[in-house]
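Have a look at the structure below before the remarks.
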């Protein structure tokens, strides 16, 4: 292993003090290897620091507001809420809040407050999980981690892609671990609900999600990031999906944090031969949102589909960076992202696809379409195809447009008020992404919440 | 009901309408005929409130109210309906959803209770028969993938649902074969009830064989150069537009 030599942080470093504060609250049984990783990751962060505008990957996204404020890591079981579970019992956290529950969604549910698990659905205790399947809070798994989990955490710490991944590696103490053994299909989606809750000061949460699917295994995972109240919290989340040969994973990530909060999320996917991964990234929250998705198609016949929708208003900033590496022949990727930007919001989409020399007969398609609803909204869209093989099929397209004035006039000429007409056309633009969501409860819930507030066309259509 | 008085309209400084006078009474059917680029469609669009036209003189009243001061949706609420020459395809917007929103916006304006989905469907199923359209049309996106005939029949269907007081048909006959034309005409005729008024804009008198007008006006070079009864359309058909152009000169 090629580990870079990293000088340790000064003992007075505030991040190190923060780590000590966190560790004082963690179980004493936390294994030494994990403590070593935390220190190494923190040292790595200390060396690189927060990204600046000169970093090509962060050219359009200014994280100085995150960098300049003190970092306070949310600790398990402390704060004005008392323990999270007590907060829920005291009714301070409304777990029936439809902001994060989708009507009619049958699922296994884990609820986190500021990154720490506070409840698991009662069903999980007696749910007949298929044999060998694990669905558990990560904190419960770390003291005696299965070898695959440990090696996954170590591997990720050895190849930290950026400062936020380093911070997550240093400070993560909880999250979810989902392991499905060979040939097993988990029929019920797993819903991970990450609530960002008020504290006496803005806090940072560092959840980690590890999804490991064995050969031919199947699972669906929904991650919902929800802001509870006015709060400038930071969520810095990392999810890893490892799909073994022939595995299939459907992953949904819904980010609807409070409009004053900060959210940086990373999804890292490794796919073996003939595996299939579908990802949806729906972003409509946070003052500043950055989502990185990196997919490695490491086996022949592996395929991935990335779908995305980002909605910005006010002065919000929404950034998606995706990268797909086609490493072997007959790999396939498709990526369809759409954005709606209003007010003075700003969107960034950077979609990199690298077809490596060995990846002959591969196919990659990408599209990014944006709707600007105001004259002051902005989008920077950059498709980036790097093709190093000659027998491949690749396409990409990007567009930035406004609502069609002819369509608006048509709707208004029938008596529909102009704001409603704009909402109908915007909804139609959004529906193209939401319509692809295969889970009906999620599709209908998001359509209702992201739309004009009127009955969605689909709900209406269902009545006909 | 509709009074157009000395209306002058420009598009990007180019005069298109050069003083139009037109009175349409309750229950009347007026045909506006004329060669290409005579200003027929401009007149239809200005009445419906499309942007991009500059009214430089004259005005339009509808039941005594200044029509040109109203937004397109306000005109619709007062009962003005334009059947488009080129109905706009709107991908992703369900036809029934669109029409229910339109109908309820109008009902709300008139102080009537909004129709729920069931009441709406009972109403539209009735109206679909008028233009011989299939119920499947309701589930399709507005005009998307519609044939030329379906688009025009969809316009008449919308008219039937919204029940305007003044319907402006902008070349609703263009691009239709004779069977489709008859279907459209039948739909229009069944909406004639002695109160509803029509302005039928057309290049050919063919449609007027089926939708028989009370008055025919010939528009040429931005002016109405001749007005008359139904027989004027037949004369035009026999002699062509050069005949009126010469006559007007």
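Could you please give the count of residues in segment A:289-318 that are closer than 15 Å to residue A:342 by Cα and crowded, with 20+ Cβ neighbours inside 10 Å?
Residues flagged as closer than 15 Å to residue A:342 by Cα and crowded, with 20+ Cβ neighbours inside 10 Å within segment A:289-318 amount to 7.
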Candidates A:272, A:237 - the one that is over 30 Å from residue A:329 (Cβ atoms) and at pLDDT 95 or above | A:237
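May I ask you to verify whether residue A:276 is surrounded by fewer than 23 Cβ atoms within 10 Å (Cβ to Cβ) and touching a residue at least 24 places away in the same chain (Cβ under 8 Å)?
Numbers: surrounded by fewer than 23 Cβ atoms within 10 Å (Cβ to Cβ): yes; touching a residue at least 24 places away in the same chain (Cβ under 8 Å): yes.
It is true that residue A:276 is surrounded by fewer than 23 Cβ atoms within 10 Å (Cβ to Cβ) and touching a residue at least 24 places away in the same chain (Cβ under 8 Å).
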So, first residue closer than 20 Å to residue B:118 by Cβ and away from chain B (no Cβ under 14 Å) in segment A:439-460, second residue at pLDDT 80 or above and surrounded by 18 or more Cβ atoms within 10 Å (Cβ to Cβ), Cβ within less than 8 Å, six or more apart or across chains; the pairs are A:444/A:102
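Has segment B:183-191 got at least one residue that is on the phi > 0 side of the Ramachandran plot and surrounded by fewer than 21 Cβ atoms within 10 Å (Cβ to Cβ)?
Initially, segment B:183-191 is screened for residues on the phi > 0 side of the Ramachandran plot, giving none.
There is no residue in segment B:183-191 that is on the phi > 0 side of the Ramachandran plot and surrounded by fewer than 21 Cβ atoms within 10 Å (Cβ to Cβ).
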Quick check, is residue B:46 at pLDDT 95 or above, in a strand (DSSP E or B) and either at positive phi or more than 8 Å from every other protein chain (Cβ to nearest Cβ) (or both)?
-> no
For the subset of segment B:75-100 comprising residues that are in a helix (DSSP H, G or I) and facing chain A (nearest Cβ under 9 Å), which member is surrounded by the fewest Cβ atoms within 10 Å (Cβ to Cβ)?
-> B:77
Among (1) closer than 22 Å to residue B:243 by Cα; (2) in contact with a strand residue (DSSP E or B) (Cβ under 9 Å, 6 or more places away or on another chain); (3) away from chain A (no Cβ under 14 Å); (4) outside any strand (DSSP E or B), the one test that residue B:26 misses = (1)
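Just a yes or no: is a residue in segment A:250-264 surrounded by fewer than 19 Cβ atoms within 10 Å (Cβ to Cβ), in a strand (DSSP E or B) and at pLDDT 95 or above? Explain how you work it out, then say what you get.
Taking segment A:250-264 and keeping what is surrounded by fewer than 19 Cβ atoms within 10 Å (Cβ to Cβ), we get A:259-260.
Now drop any that are not in a strand (DSSP E or B), which leaves none.
There is no residue in segment A:250-264 that is surrounded by fewer than 19 Cβ atoms within 10 Å (Cβ to Cβ), in a strand (DSSP E or B) and at pLDDT 95 or above.
Results for (1) loosely packed, with under 12 Cβ neighbours inside 10 Å; (2) at pLDDT below 85, shown as yes or no for each residue.
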position	(1), (2)
A:5	yes, yes
A:8	no, yes
A:15	no, no
A:19	no, no
A:26	no, yes
A:31	no, no
A:34	no, no
A:37	no, no
A:41	no, no
Subset of segment B:13-26 [closer than 26 Å to residue B:164 by Cα and exposed (fewer than 15 other Cβ atoms within 10 Å of the Cβ)] = B:21, B:23, B:25, B:26
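Considering each of A:399, A:413 in turn, give the residue that is farther than 30 Å from residue A:100 by Cβ and away from chain B (no Cβ under 12 Å). Before you say what the answer is, go through the steps one by one.
Values: A:413 fails: away from chain B (no Cβ under 12 Å).
Step by step, each of A:399, A:413 is checked, and only A:399 is farther than 30 Å from residue A:100 by Cβ and away from chain B (no Cβ under 12 Å).
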Taking residue B:141 and the conditions (1) over 14 Å from residue A:414 (Cβ atoms); (2) under 18 Å from the mean Cα position of the chain (by Cα), which numbered condition does it fall short on, given that it satisfies the others?
-> (2)
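Please return the ranges of helices (runs of 4 or more DSSP H) entirely within segment A:53-162 where 2 or more residues are assigned by TED's automatic domain parsing to the domain that holds residue A:191, modelled with pLDDT of 85 or more and surrounded by fewer than 19 Cβ atoms within 10 Å (Cβ to Cβ).
Working: elements: A:64-68, A:84-89, A:123-126, A:139-142, A:147-158.
Where helices (runs of 4 or more DSSP H) fall fully within segment A:53-162 and carry at least 2 residues being assigned by TED's automatic domain parsing to the domain that holds residue A:191, modelled with pLDDT of 85 or more and surrounded by fewer than 19 Cβ atoms within 10 Å (Cβ to Cβ), they are A:64-68, A:147-158.
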Does residue B:118 satisfy being over 23 Å from residue A:418 (Cα atoms), within 12 Å of another protein chain (Cβ to nearest Cβ), out of contact with any helix residue (DSSP H, G or I) (no Cβ under 6 Å at 6 or more places or on another chain) and surrounded by fewer than 15 Cβ atoms within 10 Å (Cβ to Cβ)?
-> yes
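The values are calculated or read from the model by the stated rules, or taken from the named source; none is laboratory data. Keep in mind it's a predicted model, so treat the numbers as computed, not measured. Don't worry about glycine lacking a Cβ; one is built from the backbone with ideal geometry, like all the others, and counts go over all protein chains shown.
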